[in-house]
Amino acid sequence: AGAILRPVGGNFADKTGGDAVLIDSGGPSAEIDAFISEHNLSLRHVLCTHHHYDHVANNAHYRQVHDCQICAHRNESSLLEGEIVELSDQQLIGCGGLEIRCLHIPGHTSGQLAFQINDQALFTGDTLFAGSVGGTQAPDHTSFDDLQHSIMEVLFALPLSTTIYPGHMQCSTLDDEWQNNPFVRAWRGIDHF
């Protein structure tokens, strides 16, 4: 896997003039559309980490303007509008020079997905944040135990050098969260809630 263009919002591309994916469509579309145009990209997929409105608000825009597929975990496809390509755990998506692995990480929602791109970037949705973790009170949540398992057994099975791009707040690395995230430290038995 080669180099990838830096993200604007959740936009990743394999190269200038190449193929791109967008992780979650909730943010303002103007900057992302400008990035796509500036780099002459073909947006192939919008990959939804989960169905909450702030993550899917502009799905219809990208479907209409870029004629791309909207993809989500099969548990949540019926909660989204329009035709949805259903994804499952460990599924691989090829997009130009990008290889994207889908990781099912329930807790915040039943179909929450993380997306690992070319072993270089990990989009964690609303599961693992810089210095925090997602909640289990929003619509379609599962349990705090599920959230803990998703973080400790699925996400932290990846190399600690992995850069994470949470659904909110700044990026981080798995190593930074392993060392400093208060929830992770408590689950490791280092600190106590």
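The values are calculated or read from the model by the stated rules, or taken from the named source; none is laboratory data. It should be emphasised that the depicted structure is a prediction, and the values quoted were computed from it without experimental measurement. Reconstructed Cβ throughout: ideal geometry from the backbone, glycine too, with neighbour counts over all protein chains shown. Areas reflect the complete protein model, heavy atoms only, side chains present, ligands, DNA and RNA absent. Shrake-Rupley method; radii C 1.70, N 1.55, O 1.52, S 1.80 Å.
What the table below lists for this structure:
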quantity	calculated
Count of residues meeting criterion [in a loop (DSSP other than H, G, I, E, B) and either open to solvent by less than 40 Å² (accessible area, probe 1.4 Å) or aromatic (Phe, Trp, Tyr) (or both)] in region 28-38	0
Inter-residue pairs, beta-carbon under 6 Å, first of a type in the set (S, T, N, Q) and in region 15-30, second modelled with pLDDT of 95 or more, 6+ apart	Ser25/Val46; Ser25/Val56; Ser25/Asn58; Ser25/Asn59; Ser25/Tyr62; Ser29/Asn58; Ser29/His61
Check on Ile151, part of a strand (DSSP E or B) and either modelled with pLDDT of 95 or more or open to solvent by less than 10 Å² (accessible area, probe 1.4 Å) (or both)	no
Residue match in region 139-150 (condition: of a type in the set (Val, Ile, Thr) and either touching a residue at least 40 places away in the same chain (Cβ under 8 Å) or within 15 Å of Val184 (Cα to Cα) (or both))	no
Region 162-193, residues that are open to solvent by 60 Å² or more (accessible area, probe 1.4 Å) and either within 24 Å of His51 (Cα to Cα) or under 17 Å from the mean Cα position of the chain (by Cα) (or both)	His168, Met169, Gln170, Cys171
Only listed residue being under 15 Å from the mean Cα position of the chain (by Cα), of a type in the set (Ser, Thr, Tyr) and part of a strand (DSSP E or B), chosen from Thr124, Thr109	Thr124
Matching entry among Gly96, Gly107 (being touching a Lys or Arg at 6+ places or on another chain (Cβ under 9 Å), on the phi > 0 side of the Ramachandran plot and either free of Cβ contacts under 8 Å to residues at least 24 places away in the same chain or not aliphatic (A, V, I, L, M) (or both))	Gly96
Subset of region 122-148 (residues that are surrounded by fewer than 19 Cβ atoms within 10 Å (Cβ to Cβ), on the phi > 0 side of the Ramachandran plot and touching a Gly at 6+ places or on another chain (Cβ under 9 Å))	Asp140
Test: Asp14 is of a type in the set (D, E, K, R), more than 23 Å from Ile164 (Cβ to Cβ) and open to solvent by less than 70 Å² (accessible area, probe 1.4 Å)	no
Every residue from region 61-92 that is part of a strand (DSSP E or B), open to solvent by 20 Å² or more (accessible area, probe 1.4 Å) and hydrophobic (A, V, I, L, M, F, W, C)	Val85, Leu92
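Yes/no per residue for (1) at pLDDT 95 or above; (2) of a type in the set (Asp, Glu); (3) touching a Gly at 6+ places or on another chain (Cβ under 6 Å):
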position: Glu38; (1), (2), (3): no, yes, no
position: Val46; (1), (2), (3): yes, no, no
position: Thr49; (1), (2), (3): yes, no, yes
position: Ala72; (1), (2), (3): yes, no, no
position: Ser78; (1), (2), (3): yes, no, no
